[in-house]
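For reference, the structure discussed in these notes is given below.
The values are calculated or read from the model by the stated rules, or taken from the named source; none is laboratory data. What you see is a predicted model; the values in this text were computed from it and never measured. When we count neighbours, we look across all protein chains shown, and the Cβ atoms used for this are built from the backbone with ideal geometry, even at glycine. Accessible surface is based on the protein model in full, side chains and every heavy atom, while ligands, DNA and RNA are left aside. Shrake-Rupley method; radii C 1.70, N 1.55, O 1.52, S 1.80 Å.
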Amino acid sequence: MLIKTYCAAVSGLNVTTVTIEVSLTPGMLYHFTGLGDTAVREGRDRINAAYQHLGYQFPFGDITVNMAPADLRKEGSSFDLPLAIALLAASGSIACEDLERYMLVGELSLDGTLQPVRGALPIAIQARKEKFKGLIVPAQNVREAAVVNNLDVYGMESLADVIDFLSGRRAFEPTRIDTRREFYEQQARCDLDFADVRGQEAAKRALEVAAAGGHNLLMIGSPGSGKSMMAKRLPGILPPLSLAESLETTQIHSIAGKLSQNATLISQRPFRAPHHTISEVALVGGGSSPQPGEISLAHNGVLFCDELTEFNKQTLEVLRQPLEDRHITISRAKYTLDLPCSFMFVASCNPCPCGYYGDPTHQCVCTPGQRARYMSKISGPLLDRIDIQIEITPVPFKDLSKVAPGESSAVIRERVVRARQIQEQRFREHKGIHSNAQMTERLIHQYAEPDEAGLAMLRMAMEKLSLSARAYNRILKVARTIADLEGSERVQANHIAEAIGYRQLDRGDWAERGL
């Protein structure tokens, strides 16, 4: 007897429908084809134990299992459930007339309960695309998959529930979620607020400019100056996620297994802060079992690298292309993985090995040469992709209690959103360009050329401050964002002046004269 069930294989954001074919004929051998990995092949033992616990017998006969397409590698334990149902149907232990109408995914425990799997959301999207009537998933994944409309999603606790449902013994209701209502309700929640940051008005202004234009940012300052505190509050002033951005972000986190149980759509922009000991593979993705890296998990959000100069220099260099292209292609002998990684890169570091260069309350013991070598761990090409570089000095303890609370994140976000709306309108005819940070050379000349006074100021700054050539375009991009925050049509001299102040490390003599 030949039976077919349907499931899916996930590779990056690509999902392929997999047909599990089980042929049962007289004999006593078990044949498995279809490039299943160890976890897939071990599923037979889990299925056998689950059968015994539920009172079923593993089919006796010559069993041939094929997972089509046979040339596609199948990885993971999510194929347990469709294979278990196919074996029972092929042996005649259960009668299921509608198997071809459902896609099934789930890992089996030895007692027959279903365990959650990765990638339930992209699998649900594929099931709808393939016009399946319904999708059966473990109960822990049901809310994640149920955000896909026009598809009946059933969350099951055990193999017994699935058997009862498919054989018509019990009726189950599909899970319904008001995706838009839940999404917009959760969007207003903000756990970290800029109102908690005392002082540091210049630094908060720089973060506002960075958020308004999507600019990458580097904060340099001594320990305790508030770099990490402000970076963690940056997602709260970024424009809210759209539904399309949320769906794409949630898919990536679903594939990586980062969604909590009973989660639906991610409503807050992601904030990823990897430790400085992270490996290249963990940062960009890949591995023996391909997974998204930190840069993809930060897609549509913020990647924060604290203590940037402590990262392995070779690890940092792999960021150069993703920062420019906003997607990454990982090519290995057995697979090619394409993942999006459009994120704001925010980093912080100390200004020198001792950490106290420029600190008004501590004496720095480092020489200019030591400071230059320390900061040279950040290569020129990487620094070239960071638009804003600012110095942060600690707020003296005696002043902390005197400083009034600052603006809330909600107030700052309103200004950021208005500036982003101006940019969306400006670049509406330019595909793939949504913010000033993404402007090409041609767009810079078209939209960010300063007036005569601004051009004269920029020329003088390039000569007097020994600014590098790479600073020119960065200054114009940032100046365009500052003008947008003010609602100015033209880039003026005061916008150029503020943007020049955000290029601290481009000064040729920064190690001798200060940041």
Sum of -39500 (n - 2.57) over DSSP H runs of 4+, divided by residues of the chain (222 nm, nearest 500): -10500 deg cm²/dmol
Fraction in percent of alpha-carbon pairs per bin - 5 Å, region 333-375: 5, 18, 17, 11, 9, 7, 8, 9, 8, 6, 2, 0
Dipole magnitude of region 115-173, debye to nearest 20 (Cβ charges: Lys/Arg +1, Asp/Glu -1, about Cα centre): 220 debye
Linear extension gain, GLN370 paired with SER466, 0.36 nm per residue minus alpha-carbon span: 32.5 nm
Distance between modelled label sites at GLN115 and SER408, nm, 7 Å Cα→Cβ extension: 4.5 nm
In region 1-89, the GluC sites (Glu not before Pro) that fall in loop regions by DSSP, at most 14 other Cβ within 10 Å: GLU42
In nm, spacing of pseudo-spin labels at ARG170 and GLN363 (7 Å Cα→C-beta vector): 7.6 nm
Of all accessible heavy-atom area on the chain, the percent that carbon and sulfur account for (1.4 Å): 49 percent
Rounded accessible area per residue of the chain, 1.4 Å, Å²: 44 Å²
Residue-wise HN-Hα coupling along region 438-446, computed from phi with Karplus coefficients 6.51, -1.76, 1.60 (Hz; x: Gly, Pro): 8, 4, 8, 3, 4, 5, 4, 5, 7
Residue (of SER379, SER342, TYR154) at the positive-pole extreme of the chain, dipole from beta-carbon charges: SER379
Paramagnetic label zone (point 7 Å from Cα along Cα-to-C-beta, PHE60; backbone N under 18 Å) in region 88-129: 88-94
Solitary cysteines of the chain, where the nearest other Cys Cβ is not under 4.7 Å: CYS7, CYS96, CYS190, CYS305, CYS341, CYS349, CYS354, CYS364
Descending semi-axes in Å of region 1-118, equivalent ellipsoid built from Cα gyration tensor: 21, 16, 14
Scaled radius of gyration (Cα, divided by 2.2 N^0.38 Å) that region 235-354 gives: 1.08
Projected-area average for region 193-273 over all orientations - Cα convex hull basis, square nanometres: 6.6 nm²
Where N is the number of residues in region 347-443, Cα Rg divided by 2.2 N^0.38 Å: 1.56
Gain in span if fully extended, ASP71 to ASN149, counting 0.36 nm per residue against the direct Cα distance: 24.9 nm
P(r) histogram, all alpha-carbon pairs of region 63-140 included - 5 Å bins from 0, percent: 3, 14, 22, 26, 24, 11, 1
Heavy atoms of HIS327: accessible area, 1.4 Å probe, square angstrom to 10: 90 Å²
Heavy atoms of CYS354: accessible area, 1.4 Å probe, square angstrom to 10: 40 Å²
Percent of C-alpha pairs per 10 Å bin, the chain, short to long: 4, 17, 23, 20, 14, 11, 7, 3, 0
Dipole magnitude of region 85-203, debye to nearest 20 (Cβ charges: Lys/Arg +1, Asp/Glu -1, about Cα centre): 380 debye
Dipole-positive endmost among ILE237, ALA89, LEU207 within the chain (Cβ charges, Cα centre): LEU207
Amide hydrogen neighbours beyond the local backbone of GLY286, cut-off 5 Å, H modeled: GLN291, GLY293
Cα-centred dipole magnitude for the chain, charges only on beta-carbon of K, R (+1) and D, E (-1), debye, nearest 20: 780 debye
Pairwise FRET efficiency - VAL417 versus SER488, Cβ, R0 = 30 Å, nearest 0.05: 0.95
Ratio of the Cα radius of gyration of region 11-72 to 2.2 N^0.38 Å, where N counts its residues: 1.27
FRET efficiency, 1/(1 + (r/R0)^6) with R0 30 Å, evaluated for HIS434 and ASP191 via beta carbons: 0.70
Residue (of VAL281, LEU297, THR264) at the positive-pole extreme of region 263-318, dipole from beta-carbon charges: THR264
Chain lengthening between GLN52 and ALA333 when straightened (0.36 nm per residue, less Cα-Cα): 97.1 nm
